[in-house]
Structure formats: C-alpha cells, structure tokens
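Here is the structure we will look at, set down as structure tokens.
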Amino acid sequence: MQRPPLTLRNHLFHPGQRIAVAVSGGADSVALLRRLLDERPTLGFALSVVHVHHGIREAADEDAAFVGGLAATHDLPFHLCRTDAPAAAAALHETLEEAARNLRYAFFRLLMAKGEADAVATAHTLDDQAETVLHKLLRGAWTEGLSGIHPVLTLEPGSILRPFLDNTHAAVEAWLVHLQQPWREDATNQDLAHTRNRIRWELLPLLRTFNPQIAAQLARLASISADEEAYWQIELDRFLPGLLLPGRPTRGGGRSSSTHPEEETVAIEHSRLREMHPAVARRVLRAAARRLGTRLSFDHTEQLLAMAGPNSPRPGKFDLPGGITVERSLREIRLTRASTLPMPGPEHAFVIPGEVRAPEYGVCLLAESAATTAGTLRPWKPGDRVTLRYSRGPKKVAEVLDRLHIVGAARKNWPVVESEGKIVWMRGAEVEAPGFRFTAQPLPE
C-alpha cells in the first residue's frame, strides 16, 4: 500500500529559489531532504545539502560522512562546516546548545552571504513545536515565547524555512521506513539530563494520557500566539513613540539626558499607564525595559503596574536585574540603566582588507575594503550609533539590539567593527558602510 507523502508547506518556496537543506543525519532532516527532492520538479527550486559538525560527539564524523554520502547519492552540492561548539560555549559563557545553535546559524548566514543559497530549510516538526512551547511555558514565557518555532525566520541576508511543522516525528519515521531510507540516531537525544529530552520522553507522554492530540493543541497555541504578537508589534510601533520619554524632565519643560554616556533613562507618565488596559500597560512597560537591555518577569511587571497606581507611596524606588533602577516621581515612572557595566570583552585591532579571529565572540571575520585602513573588532558601547542599510540615518546600537531581540549575556558583548570612528559592521545587522564588505565565518579548527 502506498503511504501518503509527508505534508510540506509549499507556499514557503518559489521557482528559481536556491534551498540549502540542513541535514543532521537524523530522521526528520533526512525525510525533509527526500520530500524536497520529490517536490523539486513541481516547485522548481535548486537544492543543496548543508551539515554542521559541532565537535561534540564521537559519532559526529560518521554523521558527516553519512550526510555527505546522501548528498552524493542524489547528486547535490554538499556544504560541510566543522566547528568546536564546546570551546565556543566556554569562551562565550553559553550553554552547549546555545553555542551550537549560534555556530550553526552563523554558517547558514555565511552560505547565504556568499550566494550559495537564498534560504536554508530546517526539519522542525510538530513535536518540536510542542516541546518548544512546553519548554518556554515551564520557564515562564510570555505570549511571544509561546509562539514557539516560526515557519519563516528572517536571517539577513536570507531566511530560515520550516516547512515540516505539520508532521509528527512518528509519521516521519514511518514514511522513511516505507521508503527504505536509513537515517542516523543521535544518542544524546535519550539523555534525560537535558530538559528538552525530559519533556519529550516524560512530560509529553504523560500529557497524551489526558489528551492524545496534545502536540497538535500546543502547535495551535503557538500559531495563535504568533498572530497575537504580530498584531501587538504593529500597535506598539504605532503608539510607543508618543508614550516613552527619554531622559528626565527639566524646569523649562524639556527633557535632559544623563551626563554619563553609558547611562540611559526611559520614562512614562503613570497617569497614562493607569488609563490603559492591563494588557496594553504590560506591553508598554516591557517595551520600555527592552530599550534598556533587559526583559521583565511577570512579577516585576506587576510591581511596576502597582507603582503606577494612585495609592502607590511616593517616591518609590527598586532595582531590576541587569542594573536597571526604577523610580516613581510625582508624574513619572523612570527606568534607568546603571552606569556600572560588566567587564567588556577584548578589542582586536586588525588591518582591512584582512581577517580577524575572535573566539571570545565566536566569529572569524573576513574584511574587504577599497583602500587599506585600520579596524577594531570590539563589544558595542552605550552611545554607539550605526547606520543600517535602507535607513534614513544613524540609530543607536541599543535600539538595533532591541529589534534583533538580543538580551542577557549575549547583549553585553555584542560585537561591532569600528573604522575611522564609524561602526562599519555589526553582527546580525545590515550596516550601510560604502567601500566595506564583511563575511562572518565559523571559527576554523
């Protein structure tokens, strides 16, 4: 009996598109490659295979050989990247999972920057979506976290596509068995020391005893949350400029900035907060905190809302994580980022054109320019401004990091390149820097 093919979100593709399929060797990614091969004549895209060797497991060499052989069998270009995720995790104080993901996506960006692909397709399934939603729910996520894995992730200069989100892992394996297509098993997926594996092997099976369709229900919750967030982001972009006030009020009616360039203040009149529905007020307060590089927990958000109440004692003051101080004046609630900053990462001076290797930032940067000049790879500093491509003028690097949703430890030492007093490169952003061209690569072995 012919087994029906796995569901593919065909609308994510268009004729002539160059798709690099991220294949780890596991069942999901192997099935995605086989399914895309089936659809290639109909949808008219070009395929290649990309595999990232993270340097974590002993079997990683065998995985890479398996994926390379699969690509050769179907006469597809093969892009292999060898990285050292444990070393990157130690240098950047990240978890191994975070470091591996960052290195993987850096290589995806490189492929697209070099014109090898227009998009990268990954094999996230409905089960992955359910696990992600549960994981974030357990960690206390807001609705943006519950939106889970998005079908399309814009990743300049291309995108990451997730066309397999409607398929369960069980259906994937059954389809591969029907095709007599082998795959590789990753032993670390059974390790219950990892929270995600405990969710997969302990929590989800328990929830299925209450609702056999729990994975599908969680995936629907993710879709609803994603739509809610998209709507609210449009609304916030519309009314935030008239609500959030920079600096502190002056006697003449204006606003003054701190004399410390590394200090930044955002304020909002508490009378305006009281007029808002709590759903709106919470989002406004969280947006204000993101401007200063921190994310509010639910308890801190409620504390700020209470501070805006008419019966709140005046003046009020408390501290938030990330060096943020909250004050209540007669008219405003002010959030101020402290002037004391964490120890900055090192600076790397180099000659452009040239190459700079910076393991502290997990990057090897190839720099090209029309004329020889000096460059410095360093962590961004408060007050730095950068001109993005297609923008009308320079923007604060802090605002660009907000847009990129960079928070926590990663934000503190986000790398930029300065040349002749200007920021000419910034990780994750398209910088308008005439005469310069940068290519970020994973760190070589």
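The values are calculated or read from the model by the stated rules, or taken from the named source; none is laboratory data. Because the structure is a prediction, the values reported are computed rather than measured. Backbone-built Cβ (ideal geometry, glycine too); neighbour counts: all protein chains shown. Remember, those area values only see protein heavy atoms, side chains included, never the ligands or the DNA or RNA. Shrake-Rupley method; radii C 1.70, N 1.55, O 1.52, S 1.80 Å.
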Item to check | Residue tally, condition within 24 Å of the chain's Cα centre (by Cα), outside any strand (DSSP E or B) and under 21 Å from Val52 (Cβ atoms), over the range 1-32 | outcome: 7
Item to check | Residues of the range 273-303 satisfying the condition of being assigned to a helix (DSSP H, G or I), in contact (Cβ under 8 Å) with a residue 60 or more places away in the chain and surrounded by fewer than 19 Cβ atoms within 10 Å (Cβ to Cβ) | outcome: Phe298
Next on the checklist: Checking the structure you have, find out if any residue of the range 78-85 is modelled with pLDDT of 95 or more and open to solvent by 70 Å² or more (accessible area, probe 1.4 Å).
Outcome noted: yes
Checklist entry - In the range 304-321, which residue that is open to solvent by 70 Å² or more (accessible area, probe 1.4 Å) and not in a loop (DSSP other than H, G, I, E, B) is farthest from His405 (Cα to Cα)? => result Lys317
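One line per residue, one yes/no per condition, for (1) assigned to a helix (DSSP H, G or I); (2) farther than 30 Å from Arg389 by Cβ; (3) of a type in the set (Phe, Trp, Tyr):
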residue: Ile160; (1), (2), (3): no, no, no
residue: Leu165; (1), (2), (3): no, yes, no
residue: Val172; (1), (2), (3): yes, yes, no
residue: Ser223; (1), (2), (3): yes, yes, no
Item to check | Output for the range 86-112, where each listed residue is modelled with pLDDT of 80 or more and small (Gly, Ala, Ser) | outcome: Ala100
Checklist entry - If you go through the range 423-442 one residue at a time, do you hit one that is crowded, with 16+ Cβ neighbours inside 10 Å, of a type in the set (Gly, Ala, Ser), over 30 Å from Gly247 (Cα atoms) and touching a Phe, Trp or Tyr at 6+ places or on another chain (Cβ under 6 Å)? => result no
Item to check | Exclusive hit being surrounded by fewer than 18 Cβ atoms within 10 Å (Cβ to Cβ) and over 17 Å from Gln17 (Cα atoms), set Val133, Val172, Val152, Val177 | outcome: Val177
Item to check | Criterion (closer than 17 Å to Phe164 by Cβ, out of contact with any Gly (no Cβ under 7 Å at 6 or more places or on another chain), open to solvent by 40 Å² or more (accessible area, probe 1.4 Å) and not polar (S, T, N, Q)) met by exactly one of Arg3, Arg101 | outcome: Arg3
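Does Val177 count as closer than 30 Å to Leu204 by Cα and touching a residue at least 24 places away in the same chain (Cβ under 8 Å)?
Details: closer than 30 Å to Leu204 by Cα: yes; touching a residue at least 24 places away in the same chain (Cβ under 8 Å): no.
Spelling it out, it is not the case that Val177 is closer than 30 Å to Leu204 by Cα and touching a residue at least 24 places away in the same chain (Cβ under 8 Å).
Return the total of residues in the range 62-78 being in a helix (DSSP H, G or I), more than 15 Å from Leu32 (Cα to Cα) and of a type outside the set (S, T, N, Q).
Quick first cut of the range 62-78, residues in a helix (DSSP H, G or I) only: 62-73.
Remaining after also requiring more than 15 Å from Leu32 (Cα to Cα): 62-66, 68-69, 72-73.
Those left that are additionally of a type outside the set (S, T, N, Q): 62-66, 68-69, 72.
Result for the range 62-78: 8.
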Item to check | Lone qualifier among Thr143, Thr154, Thr168 - being closer than 30 Å to Leu366 by Cβ, among the hydroxyl-bearing types (Ser, Thr, Tyr) and out of contact with any strand residue (DSSP E or B) (no Cβ under 6 Å at 6 or more places or on another chain) | outcome: Thr154
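Within the range 50-61, count every residue that is surrounded by 15 or more Cβ atoms within 10 Å (Cβ to Cβ) and in a helix (DSSP H, G or I). Lay out the reasoning, then the answer.
Taking the range 50-61 first, the residues surrounded by 15 or more Cβ atoms within 10 Å (Cβ to Cβ) are 50-56, 59-60.
Then drop every residue that is not in a helix (DSSP H, G or I), which leaves 60.
Total meeting the criteria: 1.
Looking only at residues in the range 348-359 that are surrounded by fewer than 16 Cβ atoms within 10 Å (Cβ to Cβ) and out of contact with any Cys (no Cβ under 6 Å at 6 or more places or on another chain), which one is farthest from Phe436 (Cα to Cα)? Can you show your working first?
Within the range 348-359, the first condition is being surrounded by fewer than 16 Cβ atoms within 10 Å (Cβ to Cβ), and the residues that meet it are 349, 351, 354-355, 357, 359.
Remaining after also requiring out of contact with any Cys (no Cβ under 6 Å at 6 or more places or on another chain): 349, 351, 354-355, 359.
Details: Ala349: 16, Val351: 12, Gly354: 11, Glu355: 13, Pro359: 22 Å.
Checked the range 348-359; the qualifying residue farthest from Phe436 (Cα to Cα) is Pro359.
Which one is farthest from the chain's Cα centre (by Cα) among residues in the range 414-431 that are in a loop (DSSP other than H, G, I, E, B) and closer than 18 Å to Ala371 by Cβ?
Filtering the range 414-431 for residues in a loop (DSSP other than H, G, I, E, B) gives 414, 420-421, 427-430.
Applying the additional criterion that residues be closer than 18 Å to Ala371 by Cβ yields 420-421.
On the way: Glu420: 30, Gly421: 29 Å.
Applying the filter and picking the extreme gives Glu420.
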Item to check | Residues located in the range 104-124, provided they are open to solvent by less than 70 Å² (accessible area, probe 1.4 Å) and assigned to a loop (DSSP other than H, G, I, E, B) | outcome: Gly115, Ala117, Asp118, Thr122, Ala123, His124
Checklist outcome for this item: Condition set crowded, with 21+ Cβ neighbours inside 10 Å and of a type in the set (S, T, N, Q), scope the range 17-49, selection nearest to Val172 (Cα to Cα): answer is Ser29
